[in-house]
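J.: Input: one structure, supplied below.
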Amino acid sequence: MTSRSPCGTGYKGTIFYKGELTEATLLSRGEVLEVRGPAAPCDCEVCLEMGGTVALPGMVDIHVHLRGLLLSHKEDPRTGSRAALRGGVVAVADMPNTLPKVNTPENLKLKVEELGKKCLVDCYAYAGVPGSPEEVKLMSRLAVGFKVYPEDYDKLHVLEGYEGLVVVHPEHPDYVKESPEPGERAFSRSPEAEPKAMELFRSFKKVHFTHVSTPEGVRKAKDLGFSYDVTPHHLLLTNEVERRKKCKAKVNPPLRDEARRAELLELFLEDEAIVATDHAPHAIWEKELPFPECPPGFPGLETALPSLLTLYKRGVMSLEKVVKAYSELPADLLGLRLGRLESGFLASFTVVDLNSRWRVEPWEFETKAKYSPFEGMELWGEVVATVVRGKMRYFAGEFY
Ligand code: NCD
Ligand code: ZN
């Protein structure tokens, strides 16, 4: 696109640019961003000009479950991507543990087609580990990477020869026991399960460990030289929340004790680590089953950016760190032209009011999963608008 092509959505005001806030004009030329000075005209079809807001690069979430197909009672790519937009997220990578499972070339094709039809943000699909290296080869064309679950640890040889991204759920089954007691899963699913699982990947070239929940896990990932992500819930919540909120706070890996939570946050602040939500919605009736039977997982897309912005407002982390962890580094990991408000990158950005404080009331969520372990918490930062590839997709409560 040349700079002469008409502008779709523009923004005039404060933007996050090269590590700091500055005044500028954002223009979208087709799907691509053009950044101009504050005096440049915003001659766009739609021009956002709102005092008190800042434009950030759109968030990139490398671990979500949009469900769909036979799990559409939990979530589908339409409701999941509406939740993403509400959370300032412009690109997501979807996990393959669906029904049917995305571990064959046929099912991957089905999944990608469904995402193509229903997603309002950029949606990418991970493939599950299939039965043969031939299938890995076929699937690597459509998938953004492969996801390895603990149940796949005994067939890692299938991935030999694959040079792309392998995202691993690190919980070694030998160190994992379920506790029927809310609050106790932090210990029955041992913190040792993370480093023990990671050790199995020592000979891999490119691995990314997801939802690392313990300092033990972070140290092992760093020791092996692999990247990792942490979730907002492991950074902010503890097993005491599981004790109180029971199924609504049940998740794998479990919420940890306060000492581990605090140390995880400390290590994350010192390091170049990614934030991902593990947005894992289930129907409310599933979460109302007795504690041993309710499935682990809860939604996260609508609380993630505000929970990070709350840490920013409390002076715990810089805005630069928020953008790096939830936009720049994940975009780089997936090889996307996202994560920076610079000319030539995709025109995908989010406009937030940093001075707005709101209470988490999950019945107002866009996800089908209208509950949250963050329920009742006051969070800072309200997403006012989200633009994806130059198109306004969300503005002030409305979707386009
Ligand atoms: C995940 C889900 O619901 O798909 N749940 C979770 O607690 N993270 C599955 C899983 O990762 O075990
Ligand atoms: Zn998950």
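None of the figures in this text is laboratory data; all of them are computed from the coordinates on show. Just so it is clear, the structure is predicted and the values come from calculations on it, not from any experiment. Cβ coordinates were reconstructed from backbone atoms using ideal geometry, including for glycine residues, and neighbour counts include every protein chain displayed.
J.: Sorted by packing (mean other beta-carbon atoms within 10 Å per residue), highest first, where do 257-264, 215-222 land? Let's see the in-between values first.
T.: On the way: 257-264: 16.8, 215-222: 21.5.
Highest to lowest by the protection proxy: 215-222, 257-264.
J.: Moving to a separate point now. How many angstrom lie between the C-alpha centres of region 226-277 and region 334-352?
T.: Distance between centres, Cα-based: 27 Å.
J.: Kirkwood Rh over Cα pairs of the chain into Stokes-Einstein at 10 °C, 1.306 mPa s: D in µm²/s? Don't jump to the answer; show the numbers that get you there.
T.: Working: Rh = 21.2 Å.
Result for D is 75 µm²/s.
J.: So, one more: Can you figure out the FRET efficiency of Trp363 with Arg314, using R₀ = 25 Å and their beta-carbon distance, to the nearest 0.05?
T.: Working: r = 26 Å, r/R0 = 1.06.
The calculated FRET efficiency here is 0.40.
J.: Can you list the residues, at least 5 places off or on another chain, whose amide H is less than 5 Å from the amide H of Phe345, using H built in the peptide plane?
T.: It is Leu33, by chain and number.
J.: Give me the net charge of Glu398's neighbourhood, meaning all other residues with Cβ under 12 Å from the Cβ of Glu398; Lys, Arg count +1, Asp, Glu -1. Intermediate values should be presented prior to the final figure.
T.: Details: positive: Arg82, Arg86, Arg393; negative: Glu366.
Residues close to Glu398 contribute a combined charge of +2.
J.: So how do 52-64, 94-106, 155-167 stack up, highest first, on mean other-Cβ count within 10 Å?
T.: Taking the mean over residues of other Cβ atoms within 10 Å, the ranking is 52-64, 94-106, 155-167.
J.: Give, in nm to one decimal, the length gained when the segment between Tyr175 and Glu20 is fully stretched (0.36 nm per residue of separation minus the Cα-Cα distance).
T.: On the way: separation 155, 0.36 × 155 = 55.80 nm, distance 4.38 nm.
51.4 nm is the gain from fully extending Tyr175 to Glu20.
J.: With the contact rule set at Cα under 8 Å and sequence spacing of 6 or more, what percent relative contact order holds for region 58-334?
T.: Numbers: 547 pairs, mean separation 51.7, N = 277.
Value for region 58-334: 19 percent.
J.: Go through 293-299, 275-281 and give me the packing order, highest mean Cβ count within 10 Å leading.
T.: Working: 293-299: 19.9, 275-281: 28.6.
Sorting 293-299, 275-281 by mean packing, highest first, produces 275-281, 293-299.
J.: Related question: At what distance in nm do the modelled label points of Arg337 and Glu31 sit from each other, each positioned 7 Å from its Cα along Cα→Cβ?
T.: Taking the two extended label points, one gets 0.8 nm.
J.: Looking at this model, which pairs from Lys250/Lys321; Lys250/Lys368; Lys137/Lys220; Lys245/Lys368; Lys137/Lys206 are more than 21 angstrom apart at the alpha-carbon? Provide the component values of the computation, followed by the final result.
T.: Working: Lys250/Lys321 28 Å; Lys250/Lys368 17 Å; Lys137/Lys220 30 Å; Lys245/Lys368 19 Å; Lys137/Lys206 16 Å.
Over 21 Å apart, Cα to Cα: Lys250/Lys321; Lys137/Lys220.
J.: Specify whether the C-alpha gyration tensor of region 79-232 places it in the rounded, prolate or oblate class, a ≥ b ≥ c being the square roots of the eigenvalues: rounded for a/c under 1.5, otherwise prolate if a/b is larger than b/c and oblate if not. Numbers along the way, then the final one.
T.: Details: a/c = 1.75, a/b = 1.27, b/c = 1.38.
Oblate, since a/c reaches 1.5 and b/c is not below a/b.
J.: Rounded to the nearest 500, what is the chain's calculated 222 nm mean residue ellipticity when only DSSP H runs of at least 4 contribute -39500 (n - 2.57) each, over all residues?
T.: Helix-only estimate at 222 nm: -7000 deg cm²/dmol.
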